[in-house]
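Q: Below is one structure. I have some questions about it.
The values are calculated or read from the model by the stated rules, or taken from the named source; none is laboratory data. Nothing here was measured: the structure is a model prediction, and the numbers come from that model. Cβ atoms come from the backbone with ideal geometry, glycine included; neighbour counts cover every protein chain shown.
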């Protein structure tokens, strides 16, 4: 009987010591070491890839932002503020139905197949509302209307896919150089800048493929708009 109690006590003490040691190693030492390495070697990424402007954090290079005008009375959908470069459509964004007091940015895809709304394999004006085809056609019409100026007309054939479709997450922070270039004349016109100056701004903020072969060239919209704001201030 005494041996049984002694063995049980010994095993419990061994288990408790193991619990304490593992808690210390995995719950304290390991997180501190990894946090220290991340802060020392990858400080910006470890802190959310923050982007600062005029000494203030204005966003993250990993999450897209909307550049819209304030809602007018009776409006439910805001209009884009056309003096800024616009990102990809955000049709895939979810809605915050849990706590409607806060307008959170939620990630989400459209969950529509590539031929959703197509008629005989093509997207037409007869495509049903709420389908992918309907969204794409509406986005294409908006791109042409918003970005055509007195001396520059956008051609439907020149509009890239990222200008009329949302990303899988709906939060893509980047656009293609082609989409940025389509917006150059409109942005220049709205801000009273020479188009050549704005075009150079886009080229300066165009990143190539990762490691030279992965992905596609891209332009971070937030960083581009920060540079645009600085350019407007100088002018």
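Q: Would a scan of region 189-212 turn up a residue that is part of a helix (DSSP H, G or I) and closer than 11 Å to residue 88 by Cα?
A: no
Q: Can you pull out every residue in region 146-165 that is out of contact with any strand residue (DSSP E or B) (no Cβ under 8 Å at 6 or more places or on another chain), surrounded by 14 or more Cβ atoms within 10 Å (Cβ to Cβ) and under 21 Å from residue 83 (Cβ atoms)?
A: 147, 148, 149, 152, 154, 159
Q: A further question follows. So, in region 126-145, exactly how many residues are assigned to a loop (DSSP other than H, G, I, E, B) and either surrounded by 13 or more Cβ atoms within 10 Å (Cβ to Cβ) or in contact with a helix residue (DSSP H, G or I) (Cβ under 8 Å, 6 or more places away or on another chain) (or both)?
A: 3
Q: If a residue must be surrounded by 10 or more Cβ atoms within 10 Å (Cβ to Cβ) and at pLDDT 90 or above, how many such residues does region 66-78 contain?
A: The qualifying residues number 3.
Q: When you scan region 193-216, do you find a residue that is crowded, with 19+ Cβ neighbours inside 10 Å and under 15 Å from the mean Cα position of the chain (by Cα), even just one?
A: No, region 193-216 has no match at all.
Q: Working only within region 79-103, note down all residues that are surrounded by 11 or more Cβ atoms within 10 Å (Cβ to Cβ) and at pLDDT below 75.
A: Of everything in region 79-103, those that are surrounded by 11 or more Cβ atoms within 10 Å (Cβ to Cβ) and at pLDDT below 75 turn out to be 91, 92, 93, 94, 96.
Q: Then there's this: With respect to the numbered conditions (1) in contact (Cβ under 8 Å) with a residue 24 or more places away in the chain; (2) part of a helix (DSSP H, G or I), which one is the sole condition not fulfilled by residue 16?
A: Against the list (1) in contact (Cβ under 8 Å) with a residue 24 or more places away in the chain; (2) part of a helix (DSSP H, G or I), residue 16 comes up short only on (1).
Q: Is it true that residue 3 is in contact with a strand residue (DSSP E or B) (Cβ under 8 Å, 6 or more places away or on another chain) and in a helix (DSSP H, G or I)?
A: no
Q: Let me ask another. What number of residues within region 170-188 are over 16 Å from the mean Cα position of the chain (by Cα) and part of a loop (DSSP other than H, G, I, E, B)?
A: Residues that pass the stated criteria total 0.
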